[in-house]
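Presented below is the structure to which this report refers.
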Amino acid sequence: MATLKEIRARIKAAKNIQQITKAMKLVAAARLKRATDRVLEARPYADKMKELMGSLSAAGDLPSHPLMEKREVKRACIILLTSDRGLAGGYNTALIRKTSDFIKDAAFKCSLLTVGKKGTLFFGKRGYEILHTLSVPSSGARIQDAIEVTKKSRQMFESGEVDAIYVCYSKFYSAIRQVPQIVQLLPIEPPVAKGEAKTIPFQFEPDPAQLLDALLPRYFQTLIWQSLLEATASEFGARMTAMTSATDNAGKMIQQLTLKANRERQAAITKEILEVVGGAEALK
């Protein structure tokens with residue numbers, strides 16, 4: 001059985017842990033607010049871009065473009081968005097499991113472009129081919145990160161190194177709900193319109209080829225930037241939830257240890273009183 005000194009040492013350690021987890025919870029909550037605002041501000045733009053692509057698809061046959069080139073998929077690249085640090089509950093585990101299941105079920109060879117150290121370390125130790133790695137700041141993804149990922153993945157697709165590009169990220173719904181999902185980015189396929197597809201005659205200015213040259217790279221970058229923002233908000237939400245749970249558990253542990261320490265102290269006092277009384281009785 002633990003002595004009173006050992007129990008008090010455990011109480012002190014639990015209080016120190018509780019202070020750390022509480023501080024991390026507050027930091028994650030502040031960053032989550034900023035990340036949520038960025039996600040909500042970027043979603044309308046991304047939705048409008050998808051709507052525009054849907055409108056263009058109704059124009060009938062469009063000129064060919066390297067980002068829309070469909071070919072037999074023999075090799076694909078998965079952009080995996082994880083965090084650089086742990087202490088985020090099951091956030092990274094869910095993304096890694098989603099990617100592993102996709103690779104196992106795929107009928108083609110898969111390589112990885114990892115954003116975040118957790119995914120890089122996991123797949124690197126298991127012999128998976130990692131074409132490129134990127135770390136993002138602890139405050140969240142920046143537009144420069146989206147540009148770098150876009151440039152690298154586009155270069156691999158246009159050169160024929162890979163035949164398809166996928167992204168695995170966690171879609172943000174709330175601080176307690178983040179859903180991992182895998183979405184195909186390249187080749188770009190216009191959103192399918194609901195109902196019967198109707199061809200609408202369009203007059204393009206400038207010509208369709210120049211329009212696609214300007215629109216498709218920006219649309220591709222928008223999809224990656226939106227994924228990075230969703231992943232950042234999901235990470236902070238998962239970390240805030242995990243640290244809240246850890247802080248509560250530390251509080252419960254402190255209460256249990258304090259109660260145990262009080263019982264040990266009372267037992268020691270009772271034992272000393274009995275020894276004194278017993279000694280006094282023996283002297284009579």
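The values are calculated or read from the model by the stated rules, or taken from the named source; none is laboratory data. Keep in mind the model is a prediction, meaning the values are calculated, not measured. All Cβ positions, even for glycine, are placed from backbone atoms using ideal geometry, and neighbour counts span all protein chains on display. Areas reflect the complete protein model, heavy atoms only, side chains present, ligands, DNA and RNA absent. Shrake-Rupley method; radii C 1.70, N 1.55, O 1.52, S 1.80 Å.
Think of the chain as a dipole: +1 on every Lys or Arg Cβ, -1 on every Asp or Glu Cβ, centred on the Cα centre; then among SER170, ALA280, SER139, ALA280 lies furthest on the positive end. Placing unit charges on the Cβ atoms only, positive for Lys and Arg and negative for Asp and Glu, gives the chain a dipole magnitude near 1680 debye about its Cα centre.
As a rough guide to protection, the peptides 79-88, 170-179, 65-74 ranked by mean Cβ packing within 10 Å, highest first, stand as 79-88, 170-179, 65-74.
Just to confirm the number: angle between the C-alpha axis of helix 143-158 and the first principal axis of the chain, 0 to 90 degrees, nearest 10? With rounding to tens, the tilt is 50 degrees. All other residues whose Cβ lies under 9 angstrom from that of LEU134 are scored, Lys and Arg at +1 and Asp and Glu at -1, for a net of -1.
Taking the Cα centre of segment 104-252 as origin and assigning +1 to Lys and Arg Cβ atoms and -1 to Asp and Glu Cβ atoms, the resulting dipole is close to 780 debye. Candidates ASN16, PRO66, ALA35 compared by Cα position along the dipole of segment 1-76: farthest toward the positive end lies ASN16, with charges placed on Cβ.
A helix-only calculation puts the chain at -22000 deg cm²/dmol for mean residue ellipticity at 222 nm, using -39500 (n - 2.57) for each DSSP H run of at least four residues, averaged over all residues. Each residue of segment 77-83 was assigned a 3J(HN,Hα) from its phi angle through the Karplus curve 6.51 cos²θ - 1.76 cosθ + 1.60 (θ = phi - 60°); the sequence is 10, 10, 8, 9, 9, 10, 9 Hz, with glycine and proline shown as x. Rolling a 1.4 Å probe over the protein heavy atoms gives the chain an accessible area of 58 Å² per residue. Computed in the context of the full set of protein chains, the accessible area of segment 126-284 at 1.4 Å probe radius has 54% of its extent on carbon or sulfur.
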